[in-house]
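Undergrad: Before I ask anything, here is the structure I am working with.
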Amino acid sequence: MFNELNNRPADSLLALIKAFQADNRAGKIDLGVGVYRDATGRTPVMHAVKAAERFLLENQESKKYLGPEGDLEFVRLLEPIIFGASPDFANRLVGIQTPGGSGALRLGAELIQTANPSATVLLGTPSWPNHAPIFGSARLQVKEYAFVDLASQQVKFESVIAALSSVGEGDVVLLHGCCHNPTGIDFTMEQWREITDLLVAHRLVPFIDLAYQGLGDGLEQDAAPTRVILDAVDEALIAYSCDKNFGLYRERVGALYVMTRNGDDLRKAESNMAALARVNWSMPPDHGAAIVRTILESPEMTTMWRAELEEMCLRVNGNRAALATASADLAFISRQRGLFSNLSMSKETAAALRARHGIYMADSGRMNLAGMQPADAGAIVAALRAEGC
Ligand code: PMP
């Protein structure tokens, strides 16, 4: 049987981790894998998470099954953080815990496939490399369009408008709610409003991927586009990840929300989400969601978490500012948000940055700005100049 399989390409980011570890030059800089790093280069367990884990260790009384929806208190406590203080959540929102944002995207894709198998999913590129495969695996047609011009680091807004106008009622538009991966280029609020008008006019269904809330400009600001869209449209999906903003990566913590203004449809979506979860993973893993719930149930732990998240956000934006100060050519980096920027470079240039300068970034030119210290800015700029970027 397995002889029929074809080999798949190895994950290039994992190869990058290995190459970085094997490099014994003192000044090497790891801008590769997309995780937050602190000023000592580590990806620590947040203090709020440690406090919640201690609490759970002492107080959790059972690990019996919860059900395909997972921890619904976790799902509910996230709602005001994502959607704001709105009294009518219960009338138009339903959510389910998922294994990470990836699980939420996959479940949402399958829900779309179940409801409307002929729906097209519009995806601006470049995007997170797993987006297109996830929708493809759910047998949905993906239509890609160039959302950004990397050479000028500008949104191609006419191309966005043209793409949104090229699909029709019931088609789905994947949108990064904030901190675009891999470019760091988010729409302005004015552009979000224009996009929202088009979603409404063409009766398109936004699928908002919110994986970095709090790492751009803060929790409230990063949720603003999502809230503008949800106020205007009749139906939407939101894939949420707690893996970055709670530093829980390998615990796989996320949620899928569906918004619809029709109560019957809401109940149908809810039962289908549970049924799809059941055949995929039966139930999501509990520990990470229990941590987030414990934090959000405790005012003290919530304060601790918010302060730590803000510190992370400030550090990344400080690194952005350091690069922009070191080189006027990189001024755009300080206007971008989230962990990433995507420089326009060839694979060969990315390889030369590694080989000659010990600066590790993805072959695509994506750099993780949490991987550097402000003091590294000069070395990074000099290396980029030496390689003609
Ligand atoms: N969406 C985007 C844009 C991402 O960058 C990521 C993670 N890199 C995810 C979704 C998935 O997050 P998770 O690790 O929670 O599955």
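Undergrad: Can you sort Ile291, Ile333 from fewest to most other Cβ atoms within 10 Å of each residue's own Cβ?
TA: Listing Ile291, Ile333 from fewest to most nearby Cβ atoms yields Ile333, Ile291.
Undergrad: Ok, one more. So for the pair Glu270, Ala328, with labels modelled 7 Å out along Cα→Cβ, what separation do we get in nm?
TA: Each label point lies 7 Å from its Cα, and together they span 5.9 nm.
Undergrad: Okay, next question. What percent do you get for the relative contact order of the stretch 36-112 when only Cα pairs under 8 Å and 6+ apart count?
TA: 24 percent
Undergrad: Continuing with this model, one more query. Give the value in nm², to one decimal: projected area of the alpha carbon convex hull of the chain, averaged over all directions.
TA: The orientation-averaged projected area of the Cα hull of the chain comes to 20.6 nm².
Undergrad: Let me test this: with uniform point scatterers at the alpha carbons of the stretch 61-105, what is the Debye-based log₁₀ I(q)/I(0) at q = 0.28, 0.34 1/Å?
TA: Cα-only, vacuum Debye calculation for the stretch 61-105: -1.11, -1.27.
Undergrad: For labels at Arg8 and Ser137 in the simple 7 Å Cα→Cβ model, what's the distance in nm?
TA: Each label point is offset 7 Å from its Cα along the Cβ direction, giving 0.6 nm.
Undergrad: In whole percent, what relative contact order does the chain give with Cα contacts below 8 Å and a gap of six or more residues?
TA: Relative contact order of the chain: 25 percent.
Undergrad: For the pair His47 and Tyr145, how long in nm is the line joining their label points, each one 7 Å along Cα→Cβ?
TA: Result for the modelled spin labels: 4.7 nm.
Undergrad: Still on this structure, please answer the following. Counting other C-beta atoms within 10 Å, and keeping those with at most 12, which DSSP coil chymotrypsin sites (Phe, Trp or Tyr not before Pro) do you find in the stretch 37-131?
TA: Taking the stretch 37-131 and a limit of 12 other Cβ atoms within 10 Å, the loop chymotrypsin sites (Phe, Trp or Tyr not before Pro) found are Tyr65.
Undergrad: I need the shape label for the stretch 126-260. Rule: rounded when a/c is under 1.5, else prolate if a/b > b/c, else oblate, with a, b, c from the alpha carbon gyration tensor.
TA: Rounded shape, in that the Cα axes give a/c under 1.5.
Undergrad: Counting only trypsin sites (Lys or Arg not before Pro) that are in a DSSP loop and have at most 11 other C-beta atoms within 10 Å, tell me the longest site-free stretch of the chain.
TA: Free of exposed loop sites, the longest segment is 140-389.
Undergrad: How are the C-alpha pair distances of the stretch 179-237 spread across 5 Å bins, as whole percents from the shortest bin up?
TA: Pair shares across the bins are 4, 18, 29, 26, 16, 6, 1.
Undergrad: Return P(r) of the stretch 240-294 (all Cα-Cα pairs; 5 Å bins starting at 0; whole %; ordered from short to long distances).
TA: 4, 17, 22, 19, 19, 13, 5, 0
Undergrad: Here's another thing I want to ask about it. First measure r as the distance between the Cβ atoms of Leu57 and Val35, then evaluate 1/(1 + (r/R0)^6) with R0 = 25 Å and state the FRET efficiency to the nearest 0.05.
TA: 0.50
Undergrad: Counting alpha carbon pairs within less than 8 Å and at least 6 residues apart, what relative contact order, in whole percent, applies to the stretch 246-389?
TA: This gives 19 percent for the stretch 246-389.
Undergrad: Work out Dmax and Rg for the stretch 129-171 from the C-alpha atoms and quote the Rg first, both in angstrom.
TA: Gyration radius and largest Cα-Cα distance of the stretch 129-171: 12.5, 34 Å.
Undergrad: Still on this model: Hey, got the dipole for the chain? About the Cα centre, +1 on K and R Cβ, -1 on D and E Cβ, debye to the nearest 20?
TA: The calculation lands at about 1020 debye.
Undergrad: Please turn the phi angles of the stretch 58-67 into ³J(HN,Hα) values with the Karplus equation 6.51 cos²θ - 1.76 cosθ + 1.60 (θ = phi - 60°), one per residue in order, whole Hz, x for glycine and proline.
TA: So the J values, rounded to whole Hz, are 7, 10, 5, 9, 8, 10, 5, 3, 9, x.
Undergrad: State which stretch of the chain is the longest one without any exposed GluC sites (Glu not before Pro), exposure meaning a DSSP loop state and at most 10 other Cβ atoms within 10 Å.
TA: Of all site-free stretches, the longest is 170-389.
Undergrad: Over all directions, the average projected area of the alpha-carbon convex hull for the stretch 250-367 comes to how many nm²?
TA: One quarter of the hull surface, i.e. the mean projection, equals 12.2 nm².
Every number here is computed from the coordinates shown, using simple stated rules; none is lab data. On a predicted model such as this, the values are computed, not experimentally measured, just so you know. Neighbour counts run over all protein chains shown; Cβ positions are idealised from the backbone, glycine included.
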